[in-house]
Amino acid sequence: MTTSWTVARVVRDRDAGLYLTAVVVSGFGTSALWLASGVWVKDLTGSDGLAALCAAALWAPTLAGPALGTLADRVRRRTLLVAGDLGLAGAVLALCMVDSPGRLWLLFAVLVVYGATGVVQDAAESALLSAAVGPELLADVNGLRMTLTEGMKLVAPLTGAGLYAVYGGAGVACLDAATFAAAAGLCALLRVREERPVRSAGGWWAETAEGARHLWGHPALRPLVLAGGTTMLLAALNSTTLYAVVDRLGHPPTFVGVLYAVQGAGSVAVGLVSGPALRRLGAGRFAAAGIALTALAVAARAVASTPVALVASAAGGLGLPCVLIAALTAVQRATPGPLLGRVTATANALLFTPNVLGLAAGAGLVEMAGPGLLCPVYGLVLLATAVPLAQRADRAARTAARSVSEANPA
């Protein structure tokens, strides 16, 4: 199945098209505000540390992902998405009042609410998408979502920076509010027949634990999600070496932006082919191949060569999303609808919390050792993560083939 045919097939699906359009619209505003918030804090305080806390505020709610994701299984998902987008549209407008260091608490409060709502919406989107487009299109839609999200990261930050330079933070906040309002309208147009939510007699925490048990007890999901979390940890550790890599190459620190842009282009490309690749290889092999490519890209950054650094960034952009797309698609396919919200949120917590830990640990490690030592070590650990995942996938494929031949001797 060609990539162009796959994209056309997804776009022709009404609900998939509406969903992906909403992703583009809201993702544009989110990426613009993500950059502008740090610049905003830096301008008001002059503090690099406080500016860095903006990203921490957005990521912090991921730690409570399993509990937050349970909400997506207790109410209608489409209603939850619309309400969340409208709520965020109102919340970001409150940022227009941030005009002095004394009001920065409001910016950080909104960013935490932003992150928490995002955790809930990611869980609701996964569950709603599974019901809306059917299992045969899930991999393609998840891949295109990755392409569009990464594409927005290439365009929106520059737009946000320009808007901030002309109108200040309030202008970026108004843009973000408008994108959320538009996304709410698009989600309201989705035609999805949802089952009535059924709540457990044990209450909120019992439901949260039920989702965690399903994920941890599933023989295919657990190794895939754990491999994804390990990959994100090593990728975060590796990202802290970027400035040291650029320094070894003799470029100014701004060259990091070039490497990120090349990596983003790789992620855009892999999203277009992930659907056909998943169908051909299966989730385990597809994820293992992506992790192995990421391992080679990470290790290659130890080479003090600009062309090698650019190729490594492109390879990392191609490899890293594979395990995320594979894990999310596998969760959607292997989880009953009533559990899907909390299982998705639990999987996201296991996948992305290591990213936060890796950024913190890597900042200390890069002060003690340079990229010439750290990058090969990170690459070897990634390769050690990919090998057992590929072996498990091969064993599962052989078992399935043997079962089919035994059932059909002819």
Open item on the list: As a footprinting exposure proxy, order His214, His251 by other Cβ within 10 Å, with the fewest listed first.
Closed with: His251, His214
TODO: Output ³J(HN,Hα) for region 159-172: one whole-Hz value per residue in order, computed from phi by the Karplus curve 6.51 cos²θ - 1.76 cosθ + 1.60 with θ = phi - 60°, and x for Gly and Pro.
DONE: 5, x, 5, x, 5, 5, 4, 8, 10, x, x, 4, x, 5
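Taking K and R as +1 and D and E as -1, what net charge do the other residues with C-beta under 11 Å from the C-beta of Ala309 add up to?
Details: positive: Arg248, Arg301; negative: none.
With Lys, Arg at +1 and Asp, Glu at -1, the neighbours total +2.
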- [ ] Treating the Cα atoms of region 97-146 as identical point scatterers in vacuum, please give the log10 of the normalised Debye intensity I(q)/I(0) at q = 0.13, 0.14, 0.32 Å⁻¹, two decimals.
- [x] -0.50, -0.54, -1.09
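Provide Leu389, Leu215 in ascending order of the number of other Cβ atoms located within 10 Å of each residue's Cβ, fewest first. It would help to have the intermediate numbers written out before the result.
Working: Leu389 26, Leu215 22.
So the residues, fewest neighbours to most, are Leu215, Leu389.
Please identify the longest segment of the chain free of exposed trypsin sites (Lys or Arg not before Pro), where exposed means a DSSP state other than H, G, I, E or B and no more than 10 other Cβ atoms within 10 Å. All intermediate terms of the calculation are to be shown ahead of the outcome.
Working: sites that count: Arg191, Arg193.
Here the longest run is 194-410.
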TODO: Report the one residue of Ala89, Thr149, Ser126 whose Cα lies farthest in the direction of the positive end of the charge dipole of region 83-169 (charges on C-beta: Lys and Arg +1, Asp and Glu -1; origin at the Cα centre).
DONE: Ala89
Task: Within-12-Å neighbourhood charge of Gly118 [Cβ basis; K, R +1; D, E -1] - done: -3
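For Leu35, Leu357, what's the fewest-to-most ordering of other Cβ within 10 Å of each Cβ?
Arranged by neighbour count, lowest to highest, Leu35, Leu357 become Leu357, Leu35.
Near Ser26, within a Cβ-to-Cβ distance under 11 Å, what is the net charge of the other residues, with Lys and Arg +1 and Asp and Glu -1? Working shown, then result.
Numbers: positive: none; negative: Asp85, Glu125, Asp176.
Cβ neighbours under 11 Å give a net charge of -3.
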TODO: Might you report the magnitude of the Cβ-based charge dipole of region 203-405 about its Cα centre, with Lys and Arg at +1 and Asp and Glu at -1, to the nearest 20 debye?
DONE: 760
TODO: Calculate the length of the line joining the C-alpha centroid of region 324-398 to that of region 141-178, in whole Å.
DONE: 27
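Where a number appears in this text, it was derived from the coordinates with a stated rule and is not lab data. None of the values given here were measured: they were computed from a predicted structure. Cβ atoms come from the backbone with ideal geometry, glycine included; neighbour counts cover every protein chain shown.
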